[in-house]
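Below: the structure, in structure tokens.
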Amino acid sequence: MGGAVVDDAPPGVKAPDGGWGWAVLVGCFVITGFSYAFPKAVSVFFKELIREFGVGYSDTAWISSILLAMLYGTGPLCSVAVNRFGCRPVMMVGGLFASLGMILASFATSIIHIYLCAGVITGLGLALNFQPSLIMLNRYFSEKRPLANGLAAAGSPVALCCLSPLGQILQYHYGWRGGFLILGGMLLNCCACGALMRPLLPPKKPLELEESGHAVAEEEKKKKPQPKKKLLDFSVFRDRGFVIYTIAASIMVLGLFVPPVFVVSYAKHLQYEDTKSALLLTILGFVDMFARPLSGLIAGTKWVRPRAVYLFSFAMIFNGCTDLIGSQATDYVGLVVFCIFFGMSYGMVGALQFEVLMAIVGTEKFSSAIGLVLLMEAIAVLVGPPGAGRLLDATHNYMYVFLLAGCEVTLSAIVLALGNFFCIRKKQEDQEAKMEMAVTASEKEGLNRAVEAEDDEEELRERENGKVKAGEEVMTVKETGEGGDETQL
């Protein structure tokens, strides 16, 4: 398993933290919006699809489920593609796939065709855009990376607020087939976003230095052949921090997406109008829109950034407790308050989840790490909401659904915080001890070298003194000889 990374950041190249990075951030903002909002926005066409194909709501709900499963489950495939071909070509091909899937779905004659086209093909296209965009964002930003992650993550609620009303307008004027066709054309913008992902290049050097550098590099390559980089680096599992993060994130995803799915149905169950019930998601998305950049700004401060893992744990506990308290809501006001606080906590989690992963594994291994994490989360995404639905069918009480979701998210926060405190701290202490030993050894080696250098200097001085003395004796002999000659004359 080997292959060259086409657009890996060259060694010694510092992240610009601005410049063209802001264009990369805009592209990542759009891609994040399409990736997370599109599966929810497609749901506005479900009633038309039910009427067209004579299927049930559960059958049409599989479209969104397949989209999410492809977005998360194809993570390792995206990692291999990025490590083999680079971010820009992978994203442009992904944009074509995403658009092609929706265009083909507009000609569907059965619900199975829509599963394959809008679900599998479009889902794969969005996955091929989402993961590379995060990788490029990580390469272009270092000091401002938390803020950049927060701004990029804000694309999800912004796109949801735009795509859902747009989908309703398209359905009203053009039907579901025309709506799918137009949305497919909109997804071609993913190709434009992919074109923005310009690889980082090393700074230009003077011609003489460049030629000498090439010569030295060629000699080093001949002496030491460089090992090929793995297309999918499983060595990240040796990192305790990555293993703890993966376990915690998988538990979190079991309950994180449950409340947005069931809150509207919860309001309808309390005998509120459809329009009033749907307004809850708008409130949630509006709060989420501002919570994500603000969380990124806070995470980028000097005091908080080294402790970003604990801020992420706090966000998850905040989210879990909101679910637990929200389960006791019995009227519309209570649900509005729940959506406000859930939007805040949900935005914090969305802004920090990939920032923490970047901080744990670093830039070099992030392309492989995010693919493996998304694969693990895909299993939880497919289990979480359906499991909550079965609980609802068994109990006919939304309180238990929200209690289960809150317990799962809170448990993930405890796993992450305690695992980081006990395991990662111990690992850091071991590394510090090794560094001290290395410093001690290097100091001893330096002292030995200093002593040897002093001995060499003394030898050189003695030799020089000997030469000087010999020269003086020769001069004395010559003078004596000349004096004798004069006496003879």
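The values are calculated or read from the model by the stated rules, or taken from the named source; none is laboratory data. Because the structure is a prediction, the values reported are computed rather than measured. Glycine also receives a Cβ, built like all others from the backbone with ideal geometry; neighbour counts cover every protein chain displayed. Protein only, heavy atoms only, side chains kept; ligands, DNA and RNA dropped before computing areas. Shrake-Rupley method; radii C 1.70, N 1.55, O 1.52, S 1.80 Å.
Across the protein chains, with a 1.4 Å probe defining accessible surface, the residues Trp20, Trp176 rank Trp20, Trp176 from largest area downward. Rolling a 1.4 Å probe over the protein chains gives His269 an accessible area of about 100 Å².
What does the C-alpha gyration tensor say about the overall shape of the stretch 95-179? Classify as rounded when a/c is under 1.5, otherwise prolate if a/b is larger than b/c, or oblate. Oblate, since a/c reaches 1.5 and b/c is not below a/b. Only protein heavy atoms count here; under a 1.4 Å probe, Ser99 has an accessible surface of about 0 Å². Annotation: per residue accessible area for the stretch 233-417 equals 43 Å², rounded to a whole number [probe 1.4 Å, protein chains only]. Note on the stretch 15-200: with charges restricted to the Cβ of Lys and Arg (+1) and Asp and Glu (-1), its dipole about the Cα centre is near 260 debye. Here's the picture: charge each Lys and Arg Cβ at +1 and each Asp and Glu Cβ at -1 in the stretch 233-417, and of Val243, Pro386, Val349 the one pushed furthest to the positive end of that dipole is Val243. Seen from Phe338, the other residues with C-beta closer than 14 Å to its C-beta sum to a net charge of -3, counting Lys and Arg as +1 and Asp and Glu as -1. Across Phe257, Phe366, the residue with the most accessible area heads the list, and the full order at a 1.4 Å probe is Phe257, Phe366.
Let me check something: with ligands and nucleic acids excluded, how do Val263, Val361 order by accessible area (1.4 Å probe), largest to smallest?
On the way: Val263 0, Val361 25 Å².
Correct descending sequence by accessible area is Val361, Val263.
The solvent-accessible area of Leu160, taken with every protein chain present and a 1.4 Å probe, is close to 50 Å².
Under the criterion of Cα pairs below 8 Å and six or more residues apart, the relative contact order for the stretch 233-417 equals 44 percent.
Accessible area per residue for the stretch 62-112, computed on protein heavy atoms with a 1.4 Å probe, is 38 Å². Anisotropy class assigned to the stretch 277-401 is oblate, per the alpha carbon gyration tensor with a/c at or over the 1.5 cut-off and a/b no larger than b/c. Its relative contact order, with pairs defined as Cα atoms under 8 Å and 6+ residues apart, puts the stretch 82-147 at 41 percent.
Only protein atoms count toward the accessible area here, which uses a 1.4 Å probe; on the stretch 233-417, the carbon and sulfur part of that area reaches 70 percent.
Each of Leu281, Ile340, Leu297 was placed along the dipole of the stretch 269-387 (beta-carbon charges, centred on the mean Cα), and the one lying farthest toward the positive end is Leu297.
Taking only protein heavy atoms and a 1.4 Å probe, the accessible area of the stretch 15-200 is 71% carbon and sulfur.
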